[in-house]
């Protein structure tokens with residue numbers, strides 16, 4: 001396993017750099033990589049790195065006379081999402097949805113359907129409310145890439161139209177394949 005940084009452009013145009021833990025594995029004789037953990041934004045991690053090093057080395061800050069500081073920067077909730085993920089695995093829903101929904105450009109329909117189902121089970125909301133939920137809960141696709149909301153202010157709608165269209169297309173696909181599923 002090793003760390004990797006990726007640059008992601010936000011809807012406002014700013015570029016944020018994120019740190020991920022990646023591992024290599026072999027499948028059918030080919031070397032592939034998968035994301036094990038998404039650690040967060042690089043600039044926020046750089047702020048807490050000295051404190052993390054002190055914690056890992058057992059240094060309590062006694063030599064400086066200052067009490068060790070602790071500050072919570074991000075406390076994403078991911079427990080309930082893991083339960084829904086386990087249900088999808090146990091029921092074989094990934095394969096069923098992949099087969100019945102077909103392929104999507106970019107993120108597969110099955111992964112988007114997982115997000116919609118998890119949202120309805122954990123914190124039922126509309127597709128507009130789904131974006132707010134993505135900020136508080138750690139929801140990722142099968143490869144470990146986190147779904148993040150894309151914000152765009154246009155009258156009352158704050159979610160970027162492209163993201164809303166993707167959720168609506170997924171709902172359309174689910175509705176069309178309802179009998180097959």
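The values are calculated or read from the model by the stated rules, or taken from the named source; none is laboratory data. Nothing here was measured: the structure is a model prediction, and the numbers come from that model. Note: ideal-geometry Cβ built from the backbone for every residue, glycine included; neighbour counts use all protein chains shown.
Which of (1) part of a strand (DSSP E or B); (2) more than 25 Å from residue 9 (Cβ to Cβ) does residue 158 not meet, given it meets every other one?
Condition (2) is where residue 158 drops out.
Take residue 87 and tell me if it is part of a helix (DSSP H, G or I) and modelled with pLDDT under 80. Explain how you work it out, then say what you get.
Details: part of a helix (DSSP H, G or I): yes; modelled with pLDDT under 80: no.
Judged against the criteria, residue 87 is not a match.
Just to check your reading of the model, which residue among 118, 104, 166 is outside any helix (DSSP H, G or I), under 26 Å from residue 36 (Cβ atoms) and touching a residue at least 12 places away in the same chain (Cβ under 8 Å)? Steps first, please.
Details: 118 fails: outside any helix (DSSP H, G or I); 166 fails: outside any helix (DSSP H, G or I).
Step by step, each of 118, 104, 166 is checked, and only 104 is outside any helix (DSSP H, G or I), under 26 Å from residue 36 (Cβ atoms) and touching a residue at least 12 places away in the same chain (Cβ under 8 Å).
Only one of 113, 125, 118 is within 14 Å of residue 164 (Cα to Cα) and buried (at least 20 other Cβ atoms within 10 Å of the Cβ). Can you tell me which?
Working: 125 fails: buried (at least 20 other Cβ atoms within 10 Å of the Cβ); 118 fails: within 14 Å of residue 164 (Cα to Cα).
Only one candidate passes the filter, namely 113.
Please return the ranges of strands (runs of 3 or more DSSP E) entirely within the range 1-60 where 1 or more residues are exposed (fewer than 12 other Cβ atoms within 10 Å of the Cβ) and over 23 Å from the mean Cα position of the chain (by Cα). Lay out the reasoning, then the answer.
Numbers: elements: 2-9, 15-27, 30-41.
In the range 1-60, 15-27, 30-41 are the strands (runs of 3 or more DSSP E) which contain 1 or more residues that are exposed (fewer than 12 other Cβ atoms within 10 Å of the Cβ) and over 23 Å from the mean Cα position of the chain (by Cα).
For residue 82, all conditions in the list (1) surrounded by fewer than 13 Cβ atoms within 10 Å (Cβ to Cβ); (2) outside the structural domain of residue 163 (by TED's automatic domain parsing); (3) modelled with pLDDT of 75 or more hold save one; what is the number of the exception?
Answer for residue 82: the failing condition is (2).
Considering only residues that are surrounded by 15 or more Cβ atoms within 10 Å (Cβ to Cβ) and modelled with pLDDT of 80 or more, which ones fall in the range 146-163?
146, 147, 163
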